[in-house]
Amino acid sequence: MSPRGHPAEGDVRYPDVMEFRVRRCGRPDPFELPEVLSGSFRRLTHDIDHGHRLIVLTPPATRGAGGHPEMWEMTEVRDPGPVRIPADGIIQITGPDGTTRTYRRTARTFNDALGYTIAEGSHEQWSFLNLSPIVHPMHIHLADFQLLGRDAYDVSGFDPRIGGTRSPIRYDAGTRIPPAPNELGHKDVYRVPGHQMLRIMGRFDGAHGRFMYHCHLLEHEDMGMMRPFVVLPPQVLRFDHGGAHGGHGEGRTG
C-alpha cells in the first residue's frame, strides 16, 4: 500500500510522487536534444579479445544456503567424466549452440577464497544465470559494462535440495528478450530477472587493487551476495599462478 492507502501500481511500492509544473520561464530556452548524444560511443562485441566469468544466482532454499539467495562463482570442468551427477555445486548448462557444459562451484560466500584475478585494461564478459524467481540488480565495481544479450533458460533441471542439476539447464530458443532502451549504453548495474542469463562486457581500466561485485539489494549483499575480485597490472599478473584469470574458455557460456 502507498502512504495514502492506495494499492501499489506497476510494481512501484509508493506510486504517489510530487509533481513540479513550471508555468512561466524568464527567457526562451533554445536547447534541443541532439540526435547523437556521444560521438565517441562504440558498441562492444564478442569479437573483442576477452575473458569469461559465469556467476549463478541460486534460490534461497538451496542446500547449505541457510535460507538466503547466493552467488556461485563457477568454473568449467574440461573433463566431466569423473564428475558425479547430480552433486552439490555441479551444474550442467546446454547453451544456444546445443553443447552441454559442466561447471563446478568454486565460491559461494563472501569469506571464500579469492576467485577472480583480472588484468588491468582487459575486457571481460560476465554472465549471470538466475535460477531463482527473485530479480537481482547486479553491480560490478570499477568497470562500466554494455549489454551483449539476455537469454531465457529452462532452469527446472536444478534441484535446490541437492544444490546441483539433475538434468541440464537449457537455453530457451523460443523466447526472445530484447534489450530495454535504457540498456543500450554503458551501465554498472543490471537487473537479472529469474530464469534469465544476462551477458555483459566491460573493460577493467583506470585502477588496480581489490574491488567488489554484489547484488544491489541491501538485504541481499548483507546476507552474503557480495564477492571480491582483484585487478592487477598485466606485468604483475604473469607471476600470479594461483588466480583464476578468466581466459576465453573460463566460465564460457557462449
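Check M197, M212 and return the single one that is part of a strand (DSSP E or B), under 16 Å from T58 (Cα atoms) and touching a residue at least 12 places away in the same chain (Cβ under 8 Å). Before the answer, list the steps.
Working: M212 fails: under 16 Å from T58 (Cα atoms).
Only one candidate passes the filter, namely M197.
Please specify each residue of the stretch 129-188 satisfying the condition of being of a type in the set (S, T, N, Q), under 24 Å from P69 (Cα atoms) and over 16 Å from the mean Cα position of the chain (by Cα).
S156, T165, S167
Could you tell me which of the residues I118, I134, I91 is of a type outside the set (S, T, Y), touching a helix residue (DSSP H, G or I) at 6+ places or on another chain (Cβ under 9 Å), in contact (Cβ under 8 Å) with a residue 60 or more places away in the chain and not in a loop (DSSP other than H, G, I, E, B)?
Testing whether each residue is of a type outside the set (S, T, Y), touching a helix residue (DSSP H, G or I) at 6+ places or on another chain (Cβ under 9 Å), in contact (Cβ under 8 Å) with a residue 60 or more places away in the chain and not in a loop (DSSP other than H, G, I, E, B) leaves just I118.
Applying the selection to the stretch 164-194, what residues are of a type in the set (K, R) and outside any strand (DSSP E or B)?
Scanning the stretch 164-194 gives a single hit, R166.
Take the residues in the stretch 190-218 that are of a type in the set (D, E, K, R) and out of contact with any Pro (no Cβ under 7 Å at 6 or more places or on another chain), then tell me which one is nearest to R42 (Cα to Cα).
Among them, the one singled out is R203.
Determine which member of the set R161, R105 is more than 24 Å from P228 (Cα to Cα) and either touching a Gly at 6+ places or on another chain (Cβ under 7 Å) or in a loop (DSSP other than H, G, I, E, B) (or both).
Details: R105 fails: more than 24 Å from P228 (Cα to Cα).
After ruling out the rest, the residue left standing is R161.
Read-outs: derived from the displayed coordinates by stated rules, not from any lab. Everything numeric in this text was worked out from a predicted model, so none of it was measured. Positions of Cβ are generated from backbone atoms using ideal geometry, with glycine treated the same way; all protein chains shown enter the neighbour counts.
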